[in-house]
1. In this structure, is PRO98 exposed (fewer than 14 other Cβ atoms within 10 Å of the Cβ) and either modelled with pLDDT under 90 or in a helix (DSSP H, G or I) (or both)?
2. Against the definition (within 27 Å of LEU89 (Cα to Cα), part of a helix (DSSP H, G or I) and among the hydrophobic types (A, V, I, L, M, F, W, C)), how does LEU175 come out, yes or no?
3. Condition first: of a type outside the set (D, E, K, R) and under 28 Å from ALA37 (Cα atoms). Can you find one or more residues in the stretch 134-146 that meet it?
4. Kindly establish whether MET189 is under 14 Å from LEU11 (Cα atoms) and in contact (Cβ under 8 Å) with a residue 40 or more places away in the chain.
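The values are calculated or read from the model by the stated rules, or taken from the named source; none is laboratory data. All values reported here derive from a predicted model rather than from experimental measurement. We place every Cβ from the backbone using ideal geometry, glycine too, and count neighbours over all the protein chains shown.
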Amino acid sequence: MAEMNVPLPLLASLLFSMMGPIGLLPLFAKSTAGADARLQKTIAVRAATFATLALAVAVFVGSAIMQSAGTSRSSLIIASGIILTLTALRNIFGSGSPQSSPAQPASEALALAPIAIPGIVTPMGVAILILFASYFPEMVDRLAILAVMVGIMLANLLAMFSAQWFMRAVGPTPLIVLGAIFGVLQAAMGVEMIVSGLGMSRLFGHP
């Protein structure tokens with residue numbers, strides 16, 4: 001039986017910070033503010049399902065495209081590090097005042113957009129997922145990546161079920177603090193991945 005190589009704690013922390021409940025809770029609460037409890041649960045289940053299917057496609061199809069391109073392992077590590085660093089810096093320093101979008105009437109269509117895409121399935125999260133799946137191409141590693149992804153989707157589902165209560169009773173402050181903490185960790189991991197990838201590349205005389 002093949003041995004699993006993918007670093008699950010690293011992958012889980014990255015995906016949790018990019019596609020987990022921290023950013024999803026306020027989005028879901030705002031988007032479904034006019035919906036009753038039954039419709040909110042329906043939207044939550046559909047959003048989690050859509051997101052899981054989209055990410056599964058990214059793991060298998062996206063990584064297959066990356067492998068066919070013949071990218072080296074060092075370039076995958078460097079690309080992951082750059083994406084992580086830029087995403088973390090944007091989250092830490094902000095990207096300007098968010099523009100308010102017109103409120104949409106509460107309906108099941110919210111499950112696909114904006115909740116599943118781009119609320120859960122963020123471009124940065126998809127990129128990291130594809131890069132990890134390309135770097136660890138064995139089937140046992142792909143299944144481990146899928147297991148981590150499903151675990152985060154379950155956490156998202158539970159978060160969506162309690163989003164309205166959380167935002168009323170607790171508020172956004174803990175989410176802001178957690179987002180800042182994960183942002184600093186992301187930046188540190190991104191820099192470390194860039195340095196590691198450069199060390200593996202031919203730029204420094206390594207194969």
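1. yes
2. yes
3. no
4. Spelling it out, MET189 is indeed under 14 Å from LEU11 (Cα atoms) and in contact (Cβ under 8 Å) with a residue 40 or more places away in the chain.
Yes/no per residue for (1) modelled with pLDDT of 90 or more; (2) over 27 Å from ARG168 (Cβ atoms); (3) outside any helix (DSSP H, G or I); (4) not aromatic (Phe, Trp, Tyr):
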{"position": "ILE22", "(1), (2), (3), (4)": "yes, no, no, yes"}
{"position": "LYS30", "(1), (2), (3), (4)": "yes, no, no, yes"}
{"position": "ARG46", "(1), (2), (3), (4)": "yes, no, no, yes"}
{"position": "VAL59", "(1), (2), (3), (4)": "no, yes, no, yes"}
{"position": "ILE65", "(1), (2), (3), (4)": "no, yes, no, yes"}
{"position": "SER74", "(1), (2), (3), (4)": "no, yes, no, yes"}
{"position": "PRO102", "(1), (2), (3), (4)": "no, no, yes, yes"}
{"position": "LEU112", "(1), (2), (3), (4)": "yes, no, no, yes"}
{"position": "PRO118", "(1), (2), (3), (4)": "yes, no, no, yes"}
